[in-house]
Amino acid sequence: MSKITSNKGLEALLFIGFAFAVWLAMRISNTEVTRQINVELIAVGRTVDGLWLEDSTQELNIIIEASGLDALFMDRFDERLIQFGSDDFLRTSIKSAYLLNVDIQTILQQEYGREYRFNWSGDSLIFPSSALVSKTLPITLLSPQNISIPESHRWIQHPTIKPDSIQCIGPEALLAEFQPTVTAPSFVWDGLDQKELPLDKLPRYISANVNWLNLSASTDAWTEVEQQVNLRYQNQDYPIVLWLSGPMSTLMNTSESYVDLEWRMEDQRLRVDIRSLAPGVEVLNYEPKYVQP
């Protein structure tokens, strides 16, 4: 008798549990929830179709509708920052970048799920933008102290970057503060030479029309020599002794090619003036300073 009573009690509990489950399922299926939130749509990538996004984040007020079981999991909308690829969704006109309603709907469904209904006002969402500009900027050589020369050598021409400026393309605000650079590696410079160096890494969203530049310079061993040249006046040559300092490869040749002699009459005498014509060559002294014709 007790066993029959126990079975009936279990059946009653199961019935009550089944009835509660049916009631709960009906209540859930009839549940409708509406929630209003603000989300921030963040465009990943500040450039699109030749435009620079001045502000890559735009706020959107949306109304979310859910029914049934989906209405019980509305806590997923606590995350309000939504990132999307600018190249994948943003459309552009001549002066602006924007999202259409269909784009916004797709972004929201990818983030939260297709089982929810989203509504908002307006037919598009504008992202303020400006056109990319082109600007010619001078090149700066960084770490020139890395370049050394052999002992007893001097610079004839210090290291020079060619071209000395390049064309850069990017947002005007970024270009206003940007300085393209080339960093000199460590090496010993001997003689007349030219090396190709890479342009230093550019900031994101800035591009250049060249990636490599030429670094040219010239050095030589330094020496001092005594040489003689002639100053010609009225069919007569007057010897002038020069003391010169300069590059060895230059001064090993005849001195007439590297100095210019001028004269003018002062108090019945010829005053001798001499100036160097060759890079690096310096006239230390010369005798005589005056010549008596």
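The values are calculated or read from the model by the stated rules, or taken from the named source; none is laboratory data. Fair warning: this is a prediction, and the values are worked out from it, not measured in the lab. Positions of Cβ are backbone-derived with ideal geometry, glycine not excepted, and every protein chain shown enters the neighbour counts.
Quick notes on this structure:
- Filtering the range 176-203 to residues that are over 16 Å from ILE139 (Cα atoms) and free of Cβ contacts under 8 Å to residues at least 24 places away in the same chain leaves only GLN194.
- Candidate set: the range 273-293, residues that are exposed (fewer than 13 other Cβ atoms within 10 Å of the Cβ) and of a type in the set (A, V, I, L, M, F, W, C); chosen: the one farthest from GLN236 (Cα to Cα): LEU284
- Among the residues of the range 109-155, those that are in a strand (DSSP E or B) and of a type in the set (S, T, N, Q) comprise ASN119, SER124, SER129, SER130, SER134, THR136, THR140, SER148.
- For the range 100-122, the candidate set comprises residues that are among the small types (Gly, Ala, Ser) and farther than 14 Å from VAL39 by Cα; within that set, the residue that is surrounded by the fewest Cβ atoms within 10 Å (Cβ to Cβ) is GLY122.
- Selected residue (criterion: farthest from LEU53 (Cα to Cα)) from residues of the range 114-134 that are more than 35 Å from the chain's Cα centre (by Cα) and in contact (Cβ under 8 Å) with a residue 24 or more places away in the chain: GLU115
Yes or no, residue by residue, for (1) touching an Asp or Glu at 6+ places or on another chain (Cβ under 8 Å); (2) within 30 Å of VAL281 (Cα to Cα):
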site: ARG91; (1), (2): yes, no
site: LEU141; (1), (2): no, yes
site: ILE149; (1), (2): yes, yes
site: HIS153; (1), (2): yes, yes
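- Selection status of LYS162, among the basic types (Lys, Arg) and under 22 Å from the mean Cα position of the chain (by Cα): yes
- Filtered residues of the range 230-247 (kept if in contact with an Asp or Glu (Cβ under 6 Å, 6 or more places away or on another chain) and surrounded by fewer than 18 Cβ atoms within 10 Å (Cβ to Cβ)): ASN230, VAL241, TRP243, SER245
- Any hit, the range 129-142, residues being closer than 30 Å to GLN36 by Cβ and either surrounded by 15 or more Cβ atoms within 10 Å (Cβ to Cβ) or not small (Gly, Ala, Ser) (or both): yes
- Applying the condition of being assigned to a strand (DSSP E or B) and charged (D, E, K, R) to the range 43-71 and asking which residue is modelled with the highest pLDDT yields GLU59.
- Condition check for GLN194: under 30 Å from GLN292 (Cα atoms) and over 24 Å from the mean Cα position of the chain (by Cα): no
Conditions tested, residue by residue: (1) assigned by TED's automatic domain parsing to the domain that holds ILE206; (2) within 19 Å of LYS201 (Cβ to Cβ); (3) in contact with a His (Cβ under 8 Å, 6 or more places away or on another chain); (4) of a type outside the set (Phe, Trp, Tyr).
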residue	(1), (2), (3), (4)
GLU115	no, no, no, yes
LEU137	yes, yes, no, yes
PRO150	yes, no, no, yes
HIS153	yes, no, no, yes
PRO159	yes, no, no, yes
LEU174	yes, yes, no, yes
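- Condition met for TRP243 (over 30 Å from GLU287 (Cβ atoms) and either over 21 Å from the mean Cα position of the chain (by Cα) or of a type in the set (S, T, N, Q) (or both)): no
- Residues that are among the acidic types (Asp, Glu) and under 30 Å from THR140 (Cβ atoms) do occur in the range 216-228.
- Odd one out for ASN253 among (1) in contact with a strand residue (DSSP E or B) (Cβ under 7 Å, 6 or more places away or on another chain); (2) part of a loop (DSSP other than H, G, I, E, B): (1)
- Residue list for the range 123-181, filter: of a type in the set (Gly, Ala, Ser) and within 21 Å of THR47 (Cβ to Cβ): SER124, SER129, SER130, ALA131, SER134, GLY170, ALA173, ALA176
- Listed here are the strands (runs of 3 or more DSSP E) enclosed by the range 172-250 that have at least 3 residues being at pLDDT 90 or above and among the hydroxyl-bearing types (Ser, Thr, Tyr): 212-233.
- Which numbered condition TRP263 fails, given (1) over 30 Å from LEU53 (Cα atoms); (2) of a type in the set (Phe, Trp, Tyr); (3) in contact (Cβ under 8 Å) with a residue 40 or more places away in the chain: (3)
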